[in-house]
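Below is one structure, written out as structure tokens, with a few remarks after it.
The values are calculated or read from the model by the stated rules, or taken from the named source; none is laboratory data. Everything numeric here is computed off the predicted structure, so don't read it as measured data. Heads up, the Cβs are rebuilt from the backbone with ideal geometry, glycines too, and the neighbour counts pull from every protein chain shown. Please note that ligands, DNA and RNA were not included when accessible areas were found on the heavy atoms of the full protein model with its side chains. Shrake-Rupley method; radii C 1.70, N 1.55, O 1.52, S 1.80 Å.
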Amino acid sequence: MGRAQAAASIQYRFSFPQIEHHWMQVDATFPDVPSGTLELRMSRSSPGRYSLHDFSKNVYDVHAYDESGRELATGRPDAYGWDVPTHGATVRVTYKVFGDLVDGTYLAVDETHAHMNMPAVIMWARRMDDRPSTISFSEPPGRDWKLATQLHAGSKPFEFTAPNLQYLMDSPAEFSAYSLREFVVDGHAFRFALHHTGTEAEEDSFVADVQKIVRTEEQVFGEFPNYEPGNYTFIVDYLPYADEDGMEHRNSTVITSSTNLRNAHEPLLDTVAHEFFHNWNVERIRPKSIEPFDLERANMSGELWLAEGFTEYYGPLTLARAGLASVASTLSRMLGFITSVALSPAHVVRSAEAMSQMAPFTDGGTPIDRTNFANTVTSYYPFGAAIALAMDLSLRERTDGRIGLDDYMRAMWTRYGKPGGAREGYVDRPYTMADAESALAGVSGDRAFARDFVARYIEGHDVADYATLLAPAGLVLRRQFPGRASWGQVRIEARGGAARVSQPILSDAPAYRAGIDMGDTIRTIDGARIATSEDVAAVVARHKPGETMQVQYVDRTNVPKTVAVTLVEDPGLELVAVESSGGTLTAAQRAFRNHWLGPQ
Ligand SMILES: [Zn+2]
């Protein structure tokens with residue numbers, strides 16, 4: 001309302017009086033507060049996360065004061081916020097927030113760092129989204145810490161700024177005695193802030209490989225985005241007490257793992273390749289469904305197969321192209337993508353688009369009640385990566401290798417990512433499903449091909465013919481155990497001489513079709529007593545696909561049953577290079593494979 005509204009900066013002060021008890025103190029001053037109730041909110045979700053986290057649960061000791069230091073009455077309109085109904089122009093709010101989880105979503109305060117995802121820390125005010133903010137950090141007693149963040153540097157040490165709420169909430173911070181490596185690629189500055197337990201030599205070797213990833217991914221798009229603070233920051237915590245995570249942000253990423261550089265060099269590089277690819281795909285090439293990000297509800301998107309899945313595909317692809325992964329490990333990742341769709345009954349139930357829309361329920365961990373996700377949900381990460389693989393190989397096959405998925409990603413970048421946003425932290429041209437299809441029509445030069453591809457593999461329930469698509473690269477996709485009989489993957493828990501089915505059975509498995517399910521206890525098969533999973537395997541091994549076994553079991557309501565189970569061929573797949581399976585790699589196959597997986 002006031003004349004200064006556009007410029008008045010919200011001040012946040014963070015201090016850490018008792019790091020050993022995992023809480024921090026926040027002191028927030030809101031100037032030029034609009035008249036009417038001041039609605040203070042803790043976020044329910046976090047940019048790039050699709051389920052609810054309800055960060056207000058760890059906030060306590062909340063107080064509001066006026067300019068003269070007099071305490072103001074606060075109310076609770078709901079579980080996620082505090083109201084200040086009566087106030088003057090300036091309101092100061094103080095609270096404590098507890099956090100002890102090192103990952104990309106939450107807050108961790110301990111003796112070694114304050115590792116902060118802002119939605120877990122910051123109480124913000126409705127109707128003040130456009131306000132800039134200033135964030136200052138006070139060191140805990142006796143510590144000599146530094147700050148790694150994509151926030152803009154302020155006017156003094158430990159002071160930072162954000163132009164608006166969206167940018168602030170997208171800006172994680174690591175406050176610790178981390179180790180810093182800096183490098184420049186094509187005039188763009190990169191900072192690698194590493195909090196770990198390893199050696200300097202391990203860090204140097206890892207950062208050298210990170211640079212190869214940065215260069216290799218730049219080649220896909222032909223350029224880096226314009227990083228608003230003047231650089232891009234990797235915030236990396238490899239600590240025994242960290243969770244496994246990677247979280248993309250506009251000008252930074254948070255990567256955490258309980259493993260270390262000595263034991264997990266390649267898997268950790270894969271996460272770096274994934275997260276760095278996001279600074280184009282998601283942060284700037286952004287689905288309209290998550291722009292701007294809603295901090296007060298679960299954000300549902302039908303495009304995560306592209307936003308996350310295609311990014312997932314570029315992880316192993318980048319490592320292969322940069323010479324950082326063996327052919328065997330690349331093929332193993334590609335096979336994983338294919339089987340996530342081909343060997344799961346879930347794609348019959350939900351399309352890739354519908355699967356993306358399940359993220360609010362699958363992104364946040366295991367629900368308390370049982371679900372049928374085993375049969376109805378395949379993660380949009382490998383599912384989307386399998387679609388990326390099919391799109392890449394289809395485009396290459398149609399154009400003698402001239403055009404591939406890189407061209408598609410570059411088209412999406414040019415149309416939707418590169419134009420950027422008038423306001424920092426926003427994307428002015430987010431894309432829709434129709435836009436994603438139109439870009440495919442443009443790149444392939446064939447509108448009918450694009451429609452058919454989207455209708456079958458993204459909106460529909462078809463599985464691409466990966467064996468045919470992979471053949472031009474001299475790769476053979478085939479049954480891993482031809483002729484071997486199977487009644488499905490049935491997990492048996494042997495306890496007290498009883499063989500109990502301990503996990504859900506996939507709905508396309510012979511055992512499931514015969515009526516067997518989790519909780520049933522198998523007594524005999526073909527008359528042989530069953531006490532362990534080995535007992536089952538021994539009976540199944542005597543059969544061929546198409547034959548029938550008699551299974552006696554007691555269901556979980558204690559009713560004895562006998563069913564006939566008709567066995568199928570073990571559906572397991574393997575992906576091998578033709579030259580390592582007795583065949584010969586032709587010159588054309590070698591060229592196709594190098595053009596796809598080799599240095600670009
Ligand atoms: Zn991702």
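Figures for the structure shown
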| read-out | value |
| --- | --- |
| Flag for Thr371 being free of Cβ contacts under 8 Å to residues at least 12 places away in the same chain, touching a helix residue (DSSP H, G or I) at 6+ places or on another chain (Cβ under 9 Å) and away from the ligand (no atom under 16 Å from the Cβ) | yes |
| Given (1) within 24 Å of Thr311 (Cα to Cα); (2) in a helix (DSSP H, G or I); (3) open to solvent by 20 Å² or more (accessible area, probe 1.4 Å); (4) of a type outside the set (D, E, K, R), number of the condition Val220 does not satisfy | (3) |
| Given (1) in contact (Cβ under 8 Å) with a residue 40 or more places away in the chain; (2) small (Gly, Ala, Ser); (3) open to solvent by 30 Å² or more (accessible area, probe 1.4 Å), index of the condition Ala498 fails | (1) |
| Selection from the range 554-593 of residues that are modelled with pLDDT under 95 and assigned to a helix (DSSP H, G or I) | Ser580 |
| Residue count, the range 469-496 (criterion: assigned to a loop (DSSP other than H, G, I, E, B), over 30 Å from Arg402 (Cα atoms) and within 32 Å of the chain's Cα centre (by Cα)) | 5 |
| The range 533-546 residues that are closer than 15 Å to Arg523 by Cα and touching a residue at least 40 places away in the same chain (Cβ under 8 Å), paired with ones that are open to solvent by 50 Å² or more (accessible area, probe 1.4 Å) and assigned to a loop (DSSP other than H, G, I, E, B) (beta carbon under 8 Å, 6 or more apart) | Ser533/Arg491 |
| Condition check for Pro267: open to solvent by 10 Å² or more (accessible area, probe 1.4 Å), part of a helix (DSSP H, G or I) and of a type outside the set (A, V, I, L, M, F, W, C) | yes |
| Considering residues of the range 161-191 that are open to solvent by 30 Å² or more (accessible area, probe 1.4 Å) and assigned to a strand (DSSP E or B) only, the residue nearest to Ile122 (Cα to Cα) | Thr161 |
| Unmet criterion (only one of (1) in contact with a helix residue (DSSP H, G or I) (Cβ under 9 Å, 6 or more places away or on another chain); (2) outside any loop (DSSP other than H, G, I, E, B)) for Ala208 | (1) |
| Residue list for the range 273-290, restricted to those being under 23 Å from Val207 (Cβ atoms), more than 10 Å from the ligand (Cβ to nearest atom) and open to solvent by less than 10 Å² (accessible area, probe 1.4 Å) | Ala273, Phe276, Asn279, Trp280 |
| Options Ala307, Ala322, Ala328: the member that is open to solvent by less than 30 Å² (accessible area, probe 1.4 Å), of a type in the set (A, V, I, L, M) and away from the ligand (no atom under 13 Å from the Cβ) | Ala322 |
| Residue that is surrounded by the fewest Cβ atoms within 10 Å (Cβ to Cβ), among those in the range 192-207 that are among the acidic types (Asp, Glu) and within 21 Å of Asp270 (Cβ to Cβ) | Asp204 |
| Pick from the range 44-57, criterion crowded, with 20+ Cβ neighbours inside 10 Å and more than 16 Å from the ligand (Cβ to nearest atom), ranking: nearest to the chain's Cα centre (by Cα) | His53 |
